[in-house]
Amino acid sequence: MGWLDRLRSKSGRQEATAADAEAAMSAALEAASQGDYPKALSLWEPLASAGHPRAQNNVGACFVDGLGVDRDLALAHRWLELSAAGGDPVGMRNLAALHFKGEGTDQDYARAAELYRAAAEKGDGPAQDMLSWMLLEGEVIPADPAEARKWAQAAAAKGVASAMTRLGMIAHNALGTARDPAEAARWWLKGAEAGDADGQAMLGAACHLGSGVPRDNLAAFVWLLRARAGGSPLAERFFDVVRGQLFPQEQVEARRRAALPLPKAKTP
């Protein structure tokens, strides 16, 4: 066999191996979506041991949450370190979360911020959202509202609802931009329709106050009901005030509307 034939043979084996790995990853994802984590792990583990970064992340994530295995944060950290070192943005983000919480490793906010930024720069939406939050808080990394807005916009474009709500907060509080109540309400609506409870609470408040949207206490109460059901503490400030301004039949109607499926979220 000549060198060209050997090269072609090697290339064919590599393509077959890549195709096999892709098929195994797809089958594992299907098993996980059906709650069969032992089957998913049986497919992920050989790939992870062979150095597949996303499979390493998935194995690590299972150890974080105790899915198909006993929860083991030390093992989770080891697999996620490998995944992050292999360049997987989801592995970077999940490893960042362990460092942020101090689970399976020492709490290290600076390392968490470094990993979130690395994942964000690779296009991971949840990491972009978290980096945006950290840039607004300014406790771990220097506050930078303009950069926080940039990363929130990137995350919102990927459908991250909490980032949409944060963009509303940024516009409402004039953080790195001019105050714009209409823009704030527009983003809160997007976050609310995408299911973010804090976005629903803020939209409810905006409807009650007529800030950036027409004043409408019935609509306000609908959103506040959804926000409270979603666990947002922001709903409590306005909940009783708005309820007290509605007739009993209006409250019944609001509860009926709040029980309906959310409107289809529009593209940011």
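Restricting attention to region 64-111, the residues that are closer than 22 Å to Ala32 by Cα, within 20 Å of the chain's Cα centre (by Cα) and among the basic types (Lys, Arg) total 1.
Hey, could you check region 240-263 for residues that are hydrophobic (A, V, I, L, M, F, W, C) and more than 27 Å from the chain's Cα centre (by Cα) and say which is surrounded by the most Cβ atoms within 10 Å (Cβ to Cβ)? Across region 240-263, the extreme among qualifying residues is Val242. Any residue at all in region 147-154 that is touching a Phe, Trp or Tyr at 6+ places or on another chain (Cβ under 6 Å) and on the phi < 0 side of the Ramachandran plot? Within region 147-154 (the criterion being touching a Phe, Trp or Tyr at 6+ places or on another chain (Cβ under 6 Å) and on the phi < 0 side of the Ramachandran plot), the answer is no, since none of the residues qualifies. When region 177-198 is filtered for residues that are closer than 20 Å to Met134 by Cβ, buried (at least 17 other Cβ atoms within 10 Å of the Cβ) and not aromatic (Phe, Trp, Tyr), the ones remaining, listed by number, are Gly191, Asp196, Asp198. Scanning region 30-65 for residues that are charged (D, E, K, R) and loosely packed, with under 14 Cβ neighbours inside 10 Å yields Glu30, Asp65.
Inside region 146-160, can you point out the residues that are surrounded by fewer than 18 Cβ atoms within 10 Å (Cβ to Cβ) and in a helix (DSSP H, G or I)? Correct list: Ala146, Glu147, Lys150, Ala157. Note on region 33-68: residues that are farther than 18 Å from Thr105 by Cβ, outside any helix (DSSP H, G or I) and not charged (D, E, K, R) amount to 7. Only one entry in Ala171, Ala163 is under 17 Å from Asp129 (Cβ atoms), within 12 Å of the chain's Cα centre (by Cα) and free of Cβ contacts under 8 Å to residues at least 40 places away in the same chain, namely Ala163.
Quick note: the coordinates plus some simple rules give every number you see, no bench work behind them. Everything numeric in this text was worked out from a predicted model, so none of it was measured. Quick reminder, even Gly has a Cβ in these numbers, built from the backbone with ideal geometry, and neighbours come from all protein chains shown.
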